[in-house]
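Asker: Just passing along the structure, written as structure tokens.
The values are calculated or read from the model by the stated rules, or taken from the named source; none is laboratory data. This one's a predicted model, so the numbers in the text were calculated from it and none came from an experiment. Note that we place each Cβ from the backbone using ideal geometry, even for glycine, and neighbour counts take in every protein chain shown. Heads up: the accessible areas ignore ligands, DNA and RNA and are worked out on the full protein's heavy atoms, side chains in. Shrake-Rupley method; radii C 1.70, N 1.55, O 1.52, S 1.80 Å.
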Amino acid sequence: MKFIFPQNYNFNSKFLGFIDYSTVILNIIWGIIVFILVYFFIPNITIRIGIFIILFLPFALLSIIGFNHEKIIYIFNYLYKYIKSPKIYLYK
């Protein structure tokens, strides 16, 4: 069985078919950082779990659902550029 892909088709390999590998790596790094901070500063296990979920889950959901299938790294890049100079976007 042969499949014909057009020239302008952008084929990217993704983890489990719907999330980019760069986003997965960023999620893992963020999860490790949050886990280490919560582990060392919070003594109670139930509070640890709650704070970990509060800090990690929104970021993970945002990266899975995304904005128009954009990579999360691009979204942070756009936000950084806007915070750095918001007047450029307001005057255009």
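Asker: For region 39-73, give me each residue that is open to solvent by 60 Å² or more (accessible area, probe 1.4 Å) and not in a helix (DSSP H, G or I).
Answerer: P43, N44, F67, N68, H69, E70, K71
Asker: Another question, then. Which pairs have Cβ atoms under 9 Å, sit 6 or more apart or on different chains, and link a residue in region 18-38 that is open to solvent by less than 50 Å² (accessible area, probe 1.4 Å) to one that is part of a helix (DSSP H, G or I) and basic (K, R)?
Answerer: Going by the 9 Å Cβ cut-off, the qualifying pairs are V38/R48.
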